[in-house]
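Before I ask anything, let me first share the structure, which is written out below as structure tokens.
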């Protein structure tokens with residue numbers, strides 16, 4: 001016996017690029033970058049759904065099938081042309097080892113509490129991590145911020 005099950009994962013798609021700037025990740029580094037954020041590389045369907053919900057991002061990013069695409073809801077000159085129709089722009093399949101792009105990550109809906117911890121002085125990243133731990137929390141990851149913002 002065989003059964004087909006349709007699974008609809010709820011979550012959020014978000015663009016990610018490393019601190020060193022945009023277009024710096026090959027496919028394998030993109031996979032790791034999403035995993036480091038407790039996420040996975042988004043599929044085309046997930047990116048398409050995010051575009052339908054208003055995601056507009058001019059930088060191209062890896063998707064799970066090895067293609068490189070980006071969603072545009074507001075056409076403009078620097079993002080494929082002002083006189084083009086909205087949609088998901090497709091660069092096609094790129095060399096997974098040599099191609100360098102950003103990545104679109106997918107993470108499940110955020111469960112928990114997201115808040116800004118007020119501190120009287122500026123903190124380094126390591127000090128911010130410790131301040132969150134001292135408050136019984138953890139510093140937010142990029143996907144958690146996008147997910148909380150989406151609520």
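What follows is calculated from the coordinates using simple rules that are stated; it is not laboratory data. Note that the structure is predicted; figures quoted are calculated from it, not measured. No Cβ is skipped: glycine too gets one built from the backbone with ideal geometry, and neighbour counts run over all protein chains shown.
When the convex hull of the C-alpha atoms of the range 14-85 is computed, what volume per residue in Å³ does it have? Kindly include the intermediate steps, with their values, before the conclusion.
Details: hull volume 6.6 nm³, N = 72.
It comes to 92 Å³ per residue, whole-number rounded.
Same structure again: Calculate, axis by axis, the spread of Cα positions in the chain along the three principal axes, and write the results as whole Å, longest axis first.
The principal-axis extents, from largest down, are 51, 48, 31 Å.
Expressed as a whole number of Å, what is the distance separating the alpha-carbon centroids of the range 9-48 and the range 85-133?
The range 85-133 and the range 9-48 have Cα centres separated by 8 Å.
For the chain, what relative contact order do you get, as a whole percent, if you take Cα pairs closer than 8 Å and at least 6 residues apart? Spell out each step's value before the answer.
Values: 236 pairs, mean separation 45.4, N = 151.
Once divided by the residue count of the chain, the mean separation gives 30 percent.
Let me ask something else about it. By how many degrees, 0 to 90 and rounded to 10, does the Cα axis of helix 27-36 deviate from the longest principal axis of the chain?
30 degrees
Let me ask you something else. For the chain, with a Gaussian network of springs between Cα atoms less than 10 Å apart, report the residue from 112, 66, 92 with the top mean-square fluctuation.
The residue that fluctuates most here is 112.
Oh, and also: Exposure proxy check: 34, 58, 79, 105 ranked by fewest other beta carbons within 10 Å?
Working: 34 25, 58 15, 79 18, 105 30.
Least crowded to most crowded, the residues run 58, 79, 34, 105.
I've got another one for you. Run the helix sum for the chain: -39,500 (n - 2.57) per DSSP H stretch of 4+ residues, divided by residue count, reported at 222 nm to the nearest 500 deg cm²/dmol. Please list the in-between numbers first.
Numbers: 4 runs with 38 residues, N = 151.
That calculation yields -7500 deg cm²/dmol at 222 nm.
Also, quick follow-up: Among 145, 20, rank each residue by its count of other Cβ atoms within 10 Å, from fewest to most, as a rough exposure measure. Each step should come with its number before you reach the end.
Values: 145 15, 20 8.
Fewest-to-most ranking of 145, 20: 20, 145.
Using a 10 Å cut-off around each Cβ, can you sort 107, 124 from fewest to most neighbouring Cβ atoms? Walk me through the numbers before you get to the answer.
Working: 107 22, 124 8.
Lowest to highest Cβ neighbour count: 124, 107.
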